[in-house]
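The values are calculated or read from the model by the stated rules, or taken from the named source; none is laboratory data. Note that this is a predicted model, so its numbers are computed, not measured. A quick note on method: Cβ atoms are made from the backbone with ideal geometry, for glycine too, and the neighbour counts reach across all protein chains shown. Only protein heavy atoms, including side chains, enter the accessible area calculation; ligands, DNA and RNA are left aside. Shrake-Rupley method; radii C 1.70, N 1.55, O 1.52, S 1.80 Å.
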Amino acid sequence: RPGQAWQFMLTVWRQAAAARRRARWARQGLRVPPILIFSITSQCNLRCAGCYAQSFLAPSAQQPPGAAARPSAAAPAGAARELSDARLDSICDEAAGLGVSFFVIAGGEPLLRPRILDIAGRLPRALFLLLTNGTLLDSQTAARLRQLPNVVPMLSLEGDSAQTDARRGPGTYLLLMEAMGRLRRQGTFFGCSLPLTSRTFATV
């Protein structure tokens, strides 16, 4: 895909430009990291066994692990304790202005904070790696990502369907396969994140 090749070349050029900006700051005594790992929410529409995001929720908001997939974009209770959209916006602006050129966006489920896509759209010189469980990647969101070549969704899988559903909830694997199909049809570059354990080693 020539369009994607051009986007990759443009990304390399922009990363190099950001590196030069960081070097200028370094000469003034300020060291700016190239990568910012930003957990923008602890809320999630899944309840995966062993997920660290559960530990940030009040006991009343916690659910048993492996609960069924719930592809709802409504923010669960507790979201009010998180950074406002305006603060999220200003932090990303400040970081990009300093020369941070690679944002790893994590959660919880970051698509429960859809404002992050607006922010990425305003910062096309930065690369956003979006770590998502994939269940909220409906047709509308997939179409939006097609317009944001600097956002790379990274969908989380455990392995095959049985391994994924056992940890993430019944029906999750099928939702992920459907989401990947939408992204492929849109021509959107994406990846998958898989844990390497004794149980998943052969599958991976």
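Summary table
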{"item": "About the Cα centre, charge dipole magnitude for the chain (Lys/Arg +1, Asp/Glu -1 at Cβ), debye", "result": "760 debye"}
{"item": "Surface share of carbon and sulfur [accessible, 1.4 angstrom probe, percent] for the chain", "result": "60 percent"}
{"item": "In order through region 148-158: 3J(HN,Hα) via Karplus (6.51 cos²θ - 1.76 cosθ + 1.60), integer Hz, x for Gly, Pro", "result": "10, x, 8, 10, 10, x, 10, 8, 8, 10, 8"}
{"item": "Long-range amide H partners of residue 151 with built H, under 5 Å", "result": "128"}
{"item": "Gyration tensor (alpha-carbon) shape descriptor, region 116-204, a/c threshold 1.5", "result": "prolate"}
{"item": "Residue 49 versus residue 27: modelled label distance in nm, points set 7 Å from Cα along the beta carbon direction", "result": "5.6 nm"}
{"item": "Accessible surface ranking that places the most exposed of 102, 8 first, with a 1.4 angstrom probe", "result": "8, 102"}
{"item": "Where no second cysteine Cβ lies under 4.7 Å, the cysteines concerned in the chain", "result": "44, 92, 192"}
{"item": "In Å², nearest 10: area of residue 91 left accessible to a 1.4 Å probe", "result": "40 Å²"}
{"item": "Candidates per chymotrypsin sites (Phe, Trp or Tyr not before Pro) in region 150-204, loop by DSSP, up to 12 other Cβ within 10 Å", "result": "201"}
{"item": "Under 5 Å, built H, 5+ apart or other chain: amide partners of residue 48", "result": "66"}
{"item": "For region 123-204: accessible area per residue (Å², 1.4 Å)", "result": "50 Å²"}
{"item": "Whole-Hz couplings from phi, Karplus 6.51/-1.76/1.60, listed for region 188-204; x for Gly and Pro", "result": "8, 6, 8, x, 10, 10, 10, x, 9, 10, 4, 7, 9, 4, 5, 5, 5"}
